[in-house]
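Structure first, commentary second.
The values are calculated or read from the model by the stated rules, or taken from the named source; none is laboratory data. Note that the structure is predicted; figures quoted are calculated from it, not measured. Neighbour counts run over all protein chains shown; Cβ positions are idealised from the backbone, glycine included. SASA here: full protein model, heavy atoms, side chains in, ligands and nucleic acids out. Shrake-Rupley method; radii C 1.70, N 1.55, O 1.52, S 1.80 Å.
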Protein chains: 2
Amino acid sequence: MSKAQIKADTAPAASLGEMANAIRALAMDAVQAANSGHPGMPMGMADVATVLFTEALKFDASAPEWPNRDRFVLSAGHGSMLLYSLLYLTGYPGMTIEEIKNFRQFGSKTAGHPEYGHAPGIETTTGPLGQGLANAVGMALSERLLAARVGSELIDYHTYVIAGDGCLMEGISQEAISLAGHLKLGKLIVLWDDNSITIDGATSLSVSDSEVKRFEASGWNTAKVDGHDAAAVSAAIKAAKADPSKPWLIACKTQIGYGSPNKAGKSSAHGEPLGAEEIKNTREKLGWPYGPFEIPGHILAAWRGVGSAHEKLRAEWTTRVSAASPEANALIAGRDTKALVAKAIAEAKTAFTSDTAKRATRVWSQLTIERLVPVLPELIGGSADLSGSNGTRTKHHNSVTPENFSGNYIHYGVREHGMAAAMNGLALSGSFIPYGGTFLVFADYCRPSIRLSALMQQRVLYVLTHDSIGLGEDGPTHQPVETLSSLRAIPNVNVFRPADGVETAECWELAIASEAAPSVLALSRQAVPNLRADGAENLSAKGAYVLKAPEGKRDVTLLATGSEVGLAVEAAAALAKDGIKAAVVSMPSFELFRAQSEAYQRDVLGDVPRIAVEAGTAQSWYEWLRNPSDVFIGMHGFGASAPAGKLYEHFGITASHVAEAARGAISKSA
Amino acid sequence: MSKAQIKADTAPAASLGEMANAIRALAMDAVQAANSGHPGMPMGMADVATVLFTEALKFDASAPEWPNRDRFVLSAGHGSMLLYSLLYLTGYPGMTIEEIKNFRQFGSKTAGHPEYGHAPGIETTTGPLGQGLANAVGMALSERLLAARVGSELIDYHTYVIAGDGCLMEGISQEAISLAGHLKLGKLIVLWDDNSITIDGATSLSVSDSEVKRFEASGWNTAKVDGHDAAAVSAAIKAAKADPSKPWLIACKTQIGYGSPNKAGKSSAHGEPLGAEEIKNTREKLGWPYGPFEIPGHILAAWRGVGSAHEKLRAEWTTRVSAASPEANALIAGRDTKALVAKAIAEAKTAFTSDTAKRATRVWSQLTIERLVPVLPELIGGSADLSGSNGTRTKHHNSVTPENFSGNYIHYGVREHGMAAAMNGLALSGSFIPYGGTFLVFADYCRPSIRLSALMQQRVLYVLTHDSIGLGEDGPTHQPVETLSSLRAIPNVNVFRPADGVETAECWELAIASEAAPSVLALSRQAVPNLRADGAENLSAKGAYVLKAPEGKRDVTLLATGSEVGLAVEAAAALAKDGIKAAVVSMPSFELFRAQSEAYQRDVLGDVPRIAVEAGTAQSWYEWLRNPSDVFIGMHGFGASAPAGKLYEHFGITASHVAEAARGAISKSA
């Protein structure tokens, strides 16, 4: 590393090399203390990160939520000690040396991988490889969208990413860089830790790509530098900032575990402590005479100076933003949209209840979106190339293009995974409410990002249509059967499966109100009957409710969701002819129902035999079927290719089968 | 299209143009009759496919399973009528004109998307985009592996793929082409239907990549041709066959819906019937005067000639292979390995029961693999860059390299999705039993391919380690909590979670014996106690069994899997001290247990309160907990970063908690 000096106002000079070594020392000490973790990456990328933070990154450690800060995403999340070191050194609130010492311990802010929400300055949760890079595309997109709305004097930030070989090998990276290149997100700058090492050994064991050429093929600018040459890194970042015509890849050739005499450049530096002896050797080699977790005053002061270097810039920004319009402020800071949404949804429900047409819930969803867009400029729609099928686009939408970011609809392309991760980035940026569509079965293609929406408690809306064998002829590859259960299995995901227009509007309201959890809207391809004549109360809010109550004590409860609620209603009518009293319960959300009191749950489910019907497999239903006489009617394996009606008949998901099962259960339990 | 003529021995000449128009006519007629489907792609790629089948593809329609046939994969599976037309025209068994007329109808061979097993000649199930391309990498890899073992005079085939824009936008495509480029799979030839149209409209709405440059960046040869110029297509394929140094991308510029005067080149040609009027117009434009589903004799004869053109070549091959060694024949044709595996597993269990060391089940798995590799040359191991962590590699393994395919271990790189899809291709090729490792939580990254393993009934083994919060410090991004349930939800997947060394060996035996379903082996990072002293019988084969039976009538049943079975045993011992009789049931496979008789299930589960314990979430357990007094002990949300022991304590997954729950349930039910 060059001996370029930097000066902080309040401290004696420290060299960039010393500042980088502070990161290396903290990383190796913390991993050693935890007896687990990844020292190699922080040690290898310490020089690059030091240049980035001291010279380029616009941030104020005292105000981690400053909306116009540059974003820094550590996509190679296993190198978490790089981030934690920087947060500690620059003086982020709460990131004390004790937290560093408690790396990977229960309750610390310094989890094994960076966890969003654990500490200020962690912009996103990373670890699952490639996700951070794709989140960053959403953050950079958010900057463009927001700047187009409030002006670049208020919003004008860069998004920087440190990505590793693993990030770039994951397929999601291609979806992300392809989308970023298409949209010409020129303020996105990716620093690739090109260290030629993966866990199995040399990257040459498994990969021969020219990453530089690949990024260029997707419309990126590129540069190659020695990642231990501060001047070169600095020049490359400056060049990248000077040309925002396209996003930038800066390939930084580094040595993993830099400074470790016996492990640098080897996979043994990647994911385990260096060991006491090698740490001693490394201290000598680096010329770092300080004790474990000890950062000498002049180096810490220099770093703290970096952490506060943009205080004035931020103060000026605060002045500007306070003079801006209320609309601009609302968009930048976020606002409470509950009343607005409630009004739009109430109007939608009034319109829907007076509309007797049978429509697919995906169409009801589209009609709902059409009412939300005009009142919610926060809403950013999109689809993974199924706009018409998903009903995600309305007459109020304009496409976002590389030339014009004032639009409110993203053509994500056939990139479900990139879409979901970009939506996480959009949500994390704080201004927008993203929703994106694909077929329900292709939730599998973006499941790792859905899981992260849930883990990070982000409001991301997944509009997943064609939600059962009801899609018909496209066949089993396109027919979700296990997908509802598999999504319900993920903690902190709302899985909504509305039954008609009114429920669809209600579920949209709940999804937008759910600020700390993503939502799935599972919607039918096929038309469904209108079941709710009254939309005054949001009955879906309790997750399940009695849609049709018989007079007097019920004999059986019919539980259903979505397109099968109509079948349950038909079955109840047939049973009524035989004098059997069936209650029909619509269950648009298992999660919300689970959150109700036991008394409410008992009232809804009833102390009678239960017949559940859903055109999917049973797994998630057993929670509500706790009696041997209870019956599940649905799928028991994969679907088939045929018209939808034929498939419902073939698989026995019919009103008559439900009624028959009810009769059987009643006689069995009697 | 050029007017180049081909001659079939038994028929009058038909032009390539006429032969291609036969495909177009069948495609538009079948989609029209079904009133759903995708005419645009078959019509656009008819010329390319005609050149490929008439001039390049080595196949014998009368022997679809010929091991040395070229493989043809329609990765853009929505264009299924292209494949069905070709299978009908060339005379594959059972693919009659009635099947074509029954396109997308219940029970036909002609499902909406090509379904493996529905008809001979369908090499793989496609539709979920990008999968076919990645399967083809596995098929091309299988060719190299097999040729290295039996010689290129017996195995020497090409793998051809037709891929669309959607296939190339999916991230899995990057994993696939990167792996193929690295391994220099030069006999893989991808024909890209470069039609500039996706469902939402022009590809320019969402993508600006240079696909040619991208493939070149991954080490591919490339060519660009006019896909309607037969001579150019022919020359490009010849050039590709002449240079097998690297895989080939041939970008074929085509017009979607070619021949339709008003819809060609538009997204309206993609996914819906052309309509009666436009079909009439198209017939006129193409000069196709024949009725719906009518193929005139000279054109059908020409196509049938193509279908039988390699009969002699195949006969010669059959002669050669019959002279080859029994080992070569066994590998080419597959063989019954049950007895061999049973012997190796029996030996493993004997060794394991006399070994008192506590080991992680991932280590027991590695020890099992070590015994299987020498007797099973079919077994091809690998990992997505976690070889050491997954225990997938043993001393008997040699890495497959671009220069040497005699190895038996694939470094798949950080490409879980590409790995899984390539394993599907390996399995489909008929000679190998592939297994591949990653962390259990990253099953999400390859879930679409796992689903296809299941749908296609392929024997693919997923070795998924670090199967709970027991992995400790890496934290919630790496801790599967919902993953076991979500995998159990997929139909036709065996999810094995063995409890100790003996069970691990038993589950390996069952997984290899499971020829029509993929298997997941969920394995612990942390050491587990040895529980089975006797390995004589494969008790895991029934899915669940009583591991510890109390003397006399039991009071409670403790159900557990994997690393939690030891906790249940501890809990039972604690309960015994209080005079409570607890049976401990180990449940390594819910799927196999579900297949047992009701009587056996009742015997195992017992008519007493049940306490289930698994360090995951509850969803899949409710099936076995059907009484209000039953209790699930496990996770109720995401995990955390801390040492494993601390996490088990924090989340209450302990023997004392199990015992306490048992006492509570007994008193509640009493």
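A few comments on the model shown:
- The mean number of Cβ atoms from other chains found within 10 Å of a Cβ in peptide A:216-222 is 4, as a whole number.
- Label geometry 7 Å along the beta-carbon vector: B:Lys358 inter-copy distances in nm: 6.2
- Dipole moment magnitude, nearest 20 debye, the protein assembly as shown about Cα centre, only Lys, Arg, Asp, Glu C-beta charged: 20
- Tensor-based shape of the range A:542-669 (alpha-carbon gyration tensor, a/c under 1.5 rounded, otherwise prolate or oblate): oblate
- Cα-based convex hull, chain A, per residue volume (Å³, whole number): 157
- Principal-axis tilt of helix A:80-90 within chain A, Cα atoms, nearest 10 degrees: 60
- The count of lysine pairs in the range B:542-669 that are at least 8 places apart or cross chains, and whose C-alpha atoms lie under 17 Å apart, stands at 5.
- Debye log10 I(q)/I(0) for the range A:494-574, one point scatterer per Cα, at q = 0.16, 0.19 Å⁻¹: -0.62, -0.85
- Restriction of the GluC sites (Glu not before Pro) in the range B:257-299 to DSSP coil positions whose beta-carbon has at most 16 other beta-carbons within 10 angstrom yields B:Glu294.
- Listed residue pairs exceeding 31 Å between alpha carbons, taken from B:Lys109/B:Lys184; A:Lys395/B:Lys285; B:Lys109/B:Lys312; B:Lys241/B:Lys280: B:Lys109/B:Lys184; A:Lys395/B:Lys285; B:Lys241/B:Lys280
- Protein heavy-atom accessible surface, 1.4 Å probe, per residue over the range B:1-145: 24 Å².
- Interface area, B with A, accessible, probe 1.4 Å, both sides summed, Å² nearest 100: 7800
- Other-copy label distances relative to A:Asp226, 7 angstrom Cα-Cβ extension, nm: 5.2
- With a cut-off of 14 Å between beta carbons, the residues surrounding B:Arg149 carry a summed charge of -3, where Lys and Arg count +1 and Asp and Glu -1.
- Legend: mean number of C-beta atoms from other chains within 10 angstrom of residue C-beta atoms, peptide B:635-644, equals 5.
- Look at where the Cα atoms of the range B:573-644 and of the range A:530-585 average out, and the two centres are 33 Å apart.
- Local electrostatic count at B:Pro244 - Lys and Arg +1, Asp and Glu -1, tallied over other residues with Cβ under 14 Å: +1
- With contacts taken as Cα pairs under 8 Å and at least 6 residues apart, chain B reaches a relative contact order of 12 percent.
- By the Stokes-Einstein formula, at 1.306 mPa s and 10 °C, the protein assembly as shown with its Kirkwood radius over alpha-carbon pairs has D equal to 49 µm²/s.
- Legend: mean number of C-beta atoms from other chains within 10 angstrom of residue C-beta atoms, peptide B:172-183, equals 5.
- Note that the range B:56-101, at 10 °C in a medium of 1.306 mPa s, gets a Stokes-Einstein diffusion coefficient of 140 µm²/s from its Kirkwood radius over C-alpha pairs.
- Take every Cα pair under 8 Å whose residues are at least 6 apart in sequence, average their separation, divide by the length of the range A:3-316, and the relative contact order is 27 percent.
- Counted by Cβ distance under 11 Å from B:Lys184, the other residues give a net charge of +2, where Lys and Arg count +1 and Asp and Glu count -1.
- Dipole axis of the range B:542-669 (+1 Lys, Arg; -1 Asp, Glu on Cβ), positive-most option in B:Ala618, B:Ala599, B:Gly639: B:Ala599
- Adding -39500 (n - 2.57) for every DSSP H run of four residues or longer, then dividing by how many residues chain B holds, sets the calculated 222 nm ellipticity at -12000 deg cm²/dmol.
- The range B:392-540: Rg to Rh, with Rh as the Kirkwood radius over Cα pairs: 0.96
- Tail beyond 21 Å, pair distance distribution of the range A:277-360 (Cα, percent): 69
- Whole-Å semi-axes of the range A:3-316's equivalent ellipsoid (Cα gyration tensor): 28, 24, 18
- Rounded to the nearest 20 debye, the dipole magnitude of the range B:53-211 is 380 debye, with +1 charges on Lys and Arg beta carbons, -1 on Asp and Glu beta carbons, and the Cα centre as origin.
- Sorted from closest to farthest, the other copies place their A:Thr401 label points 5.2 nm away, with each point set 7 Å from Cα along Cα→Cβ.
- Relative contact order, percent, the range B:94-208 [alpha-carbon distance under 8 Å, six or more residues apart]: 21
- Dipole check for the range B:485-589: with +1 at the C-beta of Lys and Arg, -1 at the C-beta of Asp and Glu, and the Cα centre as origin, the magnitude is about 280 Debye.
- Listed by chain and number, the aspartates and glutamates whose alpha-carbon sits under 19 Å from that of B:Lys58, ignoring those within fewer than 8 places in the same chain, are B:Asp9, B:Asp47, B:Asp70, B:Glu123, B:Glu143, B:Glu153, B:Asp156, B:Asp243, B:Glu311, B:Glu316.
- Over the range A:324-415: Kirkwood hydrodynamic radius from C-alpha pairwise inverse distances, Å: 14.7
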